[in-house]
Amino acid sequence: MTIESAVKNRNRKQYLTWWILPLVVIGGWFYPVLGYLLPICMMAAMGIALFKGRYWCDWMCPRGATWDLLLSKISLMKEVPSFFRSIPFRLLWIMILMGVLALKLPPALASLDPINQVGLVFTMLLTVTTLVGIFVGSPIHQRIWCGFCPVGTMSNWIGRGKYALEINSDCKECKTCHEVCPMQIKKWKYKPENGWAVVKNWDCLKCKLCIEVCPEKSLKFKM
């Protein structure tokens, strides 16, 4: 399979979910109950992570799908600096998320209209973080947000070792896999001397693009 056809197959699935992001970011300000789709997605992502790692983040995540389908059109698609994936930076964003919820949810729950006010909190959170993703994704890479997304980070930790990608010693280090990897994972660095070895980067989205385009068939998922 060519790189182009593999990407198109993935994009077809992303078209099923991307629209949920603008629905909430725009519609949530008028119909706040739409904001509840955010915690539903968060719980779904971490639930799936128990079995398949960051599989949710590939095409089921509306924001991730939007990054690939739309933001990629204007993104410069550069190499993402390692700082954006560092543990301190990831923890900072988790603390920001938790801090905002701790600050905003109590007064919303105590209001005269808690259902809508809580929905507005979720809508606001999704809107602001989406703007952050666009701001940093445009000049660097469309999926840069996924490197420090709080839900993605927690899915990374929960799903370590689940549905792991493996590479074998037949790899020629042609880096064809790098051309299509949305998370820019350097899989050839995990190449063993003999047999198969796990690619121990748990930000893998399980998109299968690298498997499809590898000319040596040196990549597979551990079953």
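The values are calculated or read from the model by the stated rules, or taken from the named source; none is laboratory data. None of the values given here were measured: they were computed from a predicted structure. Every residue, glycine among them, receives a Cβ derived from its backbone with ideal geometry; neighbour counts consider all protein chains shown.
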Scan region 185-207 for residues that are on the phi > 0 side of the Ramachandran plot and surrounded by fewer than 18 Cβ atoms within 10 Å (Cβ to Cβ) and report the count. 1
Among the residues of region 208-222, which ones are surrounded by fewer than 18 Cβ atoms within 10 Å (Cβ to Cβ) and over 22 Å from the mean Cα position of the chain (by Cα)? P215, E216, K217
Name the helices (runs of 4 or more DSSP H) wholly inside region 48-136 in which the number of residues that are of a type in the set (V, I, T) and more than 16 Å from the chain's Cα centre (by Cα) is 1 or more. 87-109
Scanning for something farther than 29 Å from P22 by Cβ, in contact (Cβ under 8 Å) with a residue 60 or more places away in the chain, touching a helix residue (DSSP H, G or I) at 6+ places or on another chain (Cβ under 6 Å) and among the β-branched types (V, I, T), does region 170-187 turn up at least one residue? yes
Does M42 fit the bill of being touching a helix residue (DSSP H, G or I) at 6+ places or on another chain (Cβ under 7 Å) and either among the aliphatic types (A, V, I, L, M) or in the same structural domain as S138 (by TED's automatic domain parsing) (or both)? yes
If the requirement is being out of contact with any Gly (no Cβ under 8 Å at 6 or more places or on another chain), under 30 Å from E216 (Cα atoms) and modelled with pLDDT of 95 or more, which of these qualifies: G147, G99, G133? G147
Filter region 21-73 for residues that are of a type in the set (V, I, T) and buried (at least 20 other Cβ atoms within 10 Å of the Cβ) and give the result. V24, V25, I48, T66
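Results for (1) among the hydrophobic types (A, V, I, L, M, F, W, C); (2) over 21 Å from V128 (Cα atoms), shown as yes or no for each residue.
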{"site": "Q14", "(1), (2)": "no, yes"}
{"site": "G28", "(1), (2)": "no, no"}
{"site": "Y31", "(1), (2)": "no, no"}
{"site": "L38", "(1), (2)": "yes, no"}
Any idea which of G161, G152, G147 is of a type in the set (G, A, S), touching a residue at least 24 places away in the same chain (Cβ under 8 Å), closer than 22 Å to I48 by Cα and touching a strand residue (DSSP E or B) at 6+ places or on another chain (Cβ under 9 Å)? G161
Criterion violated by M95 - all others in (1) free of Cβ contacts under 8 Å to residues at least 40 places away in the same chain; (2) surrounded by 13 or more Cβ atoms within 10 Å (Cβ to Cβ) satisfied: (2)
What single numbered condition from (1) β-branched (V, I, T); (2) in a loop (DSSP other than H, G, I, E, B); (3) in contact (Cβ under 8 Å) with a residue 60 or more places away in the chain fails to hold for T17? (3)
Scan region 156-163 and give yes if some residue there is in a loop (DSSP other than H, G, I, E, B) and small (G, A, S), otherwise no. yes
Within region 182-197, the residues that are outside any loop (DSSP other than H, G, I, E, B) and more than 21 Å from I87 (Cα to Cα) are W188, W196, A197
